[in-house]
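Data first, discussion second: the structure below is written as structure tokens.
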Amino acid sequence: MLLIEKLKAVVGPAGWQEDADALRPHLTEWRNVYRGKTALMVQPQTTGQVSEVVRLCADANVAIVPQGGNTGLCAGAIPDDSGEQILLSLSRMNAIRSVSPDNYSMLAEAGCILANLQQAAVQVDRYFPLSLAAEGSCQIGGNLSTNAGGTNVLRYGTARDQVLGLEVVLPDGTVWNGLRALRKDTAGYDLKHLFVGAEGTLGIITAANLKLFPIPRNLQTVFMAVENPGTAVALMARLREELGDQLHAFELIPARAMHFVRTHMPNYCAPFEEEYPWYVLLESSAIAGTDAFEETLMRGIEERLALDIIVAKNRSEADDLWRIRHAISEAQKLEGASLKHDVSVPVAVIGEFVTAAEAAVTDYIPEARVVAFGHMGDGNVHFNISQPKSWSAERFLSEREALATRVYDVVAEFDGSISAEHGIGVAKRAHLEQYRSATELALMRAVKAALDPGNTMNPGKVV
């Protein structure tokens, strides 16, 4: 009880919450699969306050669970059900400390909403490329802690690639200021990469120096129908030959996902009158001009790599096409229970992987409805499975582990990863031990033990 009062004093009257109703949305994740408990959520407003909270908890040997926008799908930001862990929300640390257009950089605190950072960059005629469906509510600290991906990874890389420097509160409360805005720095280990993707298990990211880019010009958005994922792979390879790094995004969408969107979201218009088995949504900077870009697309049809094409005539039409892609997860949720497997495989074998993984699933549950979609340009497939229409949600969800094993076994056969961009959290911790080598796991645990010997920083997650 004494610790609780000390923590409240550090963050002040507006910086803590213990009301059950107010805490409820912070104690479960988007799918409502995992639920936790906490006696107190603190919401510090400065790095100094975070440091003092962490120091107090470390001295008392009490665990802390950092939380950003809580949009994750692996329960990495949810406390356990003991009620003994302190939840630390970064939501009040939401200041953009500085923007440097000439250095193409922006210094932002961890609680900044991703969409707000995108807008701040636009205001100085710059571009922050990290973009994902939850950008209106996710926070940059959480994006970095999970090494989020999103739709622009093909051109700009994951969240890890957007970082110049970090400020991190270590498990003993020490503050590491690594906020250098340098493009080149080979002075020792690149420490920032320890914390990107670590899901708060090694320290709490409180601020980041982020890379900015020129605003893409002549951006073209295209919706294409294709025969199968294998054909889509060949189409992407052909387009990259023509467009090079100007191809920003290449998203794969199955007919079943389109059906779910049309069924549950009637305001979304289907791009084509005819139904096709698979679709691709791509975005590119047409630096050679619109005519040359469309000629490139038409060659795709001539080579039988695409069945039909729609090119957005303006930004409004482009936004409509992207809304279809971003609506898939919500539409699938409305269709019933679903199991989500965020995986990656080498781009060249995506078609073979989808075929093999679907066969493994339907061999076990013939009525299972596979919805495989995602960021094809970087090999990231959201291999989701919706419950059979004749099954109850409870019966379907009871097969969670059996289905995950079947999907992940196929991922392993293709030398892929069981987590592409959503992290490990609680949901995939056991699977990480199964699908990573003993040497890799030993290295991860050695890093964890070196930085957090008391195991007070988001314990029970990742390793």
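Before moving on, here are some points about what is shown:
- Amide H contacts of V226 (H built 1.01 Å from N, in plane; Pro and chain starts excluded): W278, Y279, V280, L307 sit under 5 Å, all sequence-distant by 5 or more or on other chains.
- Of all stretches in the chain that contain no GluC sites (Glu not before Pro) in a DSSP loop with at most 10 other Cβ atoms within 10 Å, the longest one is 1-272.
- Distance from the Cα centroid of segment 135-213 to that of segment 216-271 is 30 Å (rounded to whole angstrom).
- The residue among Y104, A9, G351 whose Cα reaches farthest toward the positive pole of the charge dipole of the chain, with charges on the beta-carbon of Lys, Arg, Asp and Glu, is A9.
- Our note on the geometry: Cα centres of segment 1-53 and segment 273-322, 47 Å apart.
- Angle between the chain longest axis and helix 315-326 axis [Cα atoms, degrees, rounded to 10]: 70
- Karplus (6.51, -1.76, 1.60) ³J(HN,Hα), θ = phi - 60°, over segment 199-207, in Hz, Gly and Pro reported as x: 6, x, 8, 10, x, 10, 5, 10, 7
- Cα centroid of segment 357-374 to Cα centroid of segment 420-446, whole Å: 25
- In order along segment 56-68, the phi-based Karplus estimate (6.51 cos²θ - 1.76 cosθ + 1.60, θ = phi - 60°) of 3J(HN,Hα) comes to 4, 5, 5, 4, 8, 6, 10, 6, 10, 10, x, 9, x Hz; Gly and Pro are listed as x.
- Divide the volume of the convex hull around the Cα atoms of segment 14-66 by the residue count and you get 92 Å³ per residue.
- Debye log10 I(q)/I(0) for the chain, one point scatterer per Cα, at q = 0.08 Å⁻¹: -0.48
- Rg/Rh ratio calculated on Cα atoms of segment 219-327 (Kirkwood radius): 0.95
- Unsatisfied cross-links (Cα-Cα over 24 Å) in the set K184/K211; K192/K333; K6/K192; K8/K448: K192/K333; K6/K192; K8/K448
- Restriction of the chymotrypsin sites (Phe, Trp or Tyr not before Pro) in segment 125-201 to DSSP coil positions whose beta-carbon has at most 13 other beta-carbons within 10 angstrom yields Y189.
- Dipole in debye (nearest 20) - the chain, about Cα centre, beta carbon charges: Lys, Arg +1; Asp, Glu -1: 1020
- Overall dimensions of segment 96-214, expressed as equivalent-ellipsoid semi-axes from the Cα gyration tensor (√(5λ), whole Å, largest first), are 21, 16, 13.
Bear in mind that the values in this text are calculations on the coordinates, not laboratory data. What you see is a predicted model, and the numbers here were worked out from it, not measured in a lab. Heads up, the Cβs are rebuilt from the backbone with ideal geometry, glycines too, and the neighbour counts pull from every protein chain shown.
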